[in-house]
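Each value in this text was obtained by applying a stated rule to the coordinates, not by laboratory testing. The shown structure was predicted, so the numbers you read here are calculated from the model rather than taken from an experiment. Glycine also receives a Cβ, built like all others from the backbone with ideal geometry; neighbour counts cover every protein chain displayed.
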Amino acid sequence: MRRLLQSALVILCLDGQGVRAAPMPSTEEFMNILSVCGAGSGITIDGDLEGSISSLYEKEKTQGHATQQIIAKIIEMLPESQRLTAYTAYLGCVEKQAKSRTSRIDTISEAFNTTYPENSEVITFLEVHDKKIIYVNSVIDTSIVMLSSISSAEESCSQLASNSPPSNNVTYVELPLPNLRDKKLFETDDVKPSDVDCNVAVVFRTINKELDWTSGGTGIMQYPIQGFFSVKRRYSGSVTTYILEERPASVELQAQLANEATDN
């Protein structure tokens, strides 16, 4: 039994070396998770042990250690007679509970329109996710589809950035996010520059990203962009700029979020 338990603890430590997709729960939440997963198992955690576990969790969390690594160390702190029971009770349960109680990384799939004056959903999403990490599975759209709207958006937003397509190899792209002040104007083709609100922009800071453009042959020009980005809002006069700085992530994690976005 001792050999089985030691092997199990080694497996827990090795499996914990992967990248986490979600933040760790707070210490209070983690202690509640232990109570939930250990309910009815006969595991006893008195006041002194609870304090020691809390201190251990805070230290390990600060050092960036994964949940399974922490659980392995907690099991070793328990009386030997309870360790195998704790392993059985906590295995899978704690990590599952931790993931369900922490905020997941939200995905934005709406297009970043630089020429078509409709970015209300994009702007709302970025505002809600200020100072957070998001996953971008979208396109930078520079299509020419409505001549009146295009010319008005270009004229109104010219002070922010050029609407010409970005170059393929980019590490910094600044783009306007034009919006019609009155959505009813979409029903007409009589859009004036004064009808377009262009006081919002977005900046992409990427990690040596190459943007491969796609074209529909009818004025459609789009640049797909994927990756994890931190969002930071910045004000400059009347202009609000959302800075999206790409964050490194494993290929596996990138693929997981891309697949989820496609499924949805």
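Straight-line reach from LYS132: which lysines fall under 20 Å, measuring Cα to Cα and dropping same-chain residues less than 8 apart?
The reachable lysines, counting only those whose Cα sits under 20 Å from LYS132, are LYS61, LYS99, LYS232.
Among CYS198, CYS93, CYS37, what is the fewest-to-most ranking by other Cβ atoms within 10 Å?
Taking fewest neighbouring Cβ atoms as first place, the list is CYS93, CYS37, CYS198.
Obtain the nm distance between the two label points defined at GLU28 and SER81 by a simple spin-label model: each point lies 7 Å from its Cα along the Cα-to-C-beta direction.
Each label point is offset 7 Å from its Cα along the Cβ direction, giving 3.4 nm.
Could you compute the FRET efficiency for TYR235 and VAL128, with r as their C-beta to C-beta distance and R0 at 22 Å, rounded to 0.05?
So the FRET efficiency works out to roughly 0.80.
Cross-link partners among lysines for LYS184, C-alpha distance below 23 Å, same-chain residues fewer than 8 apart left out?
Partners within reach: LYS192.
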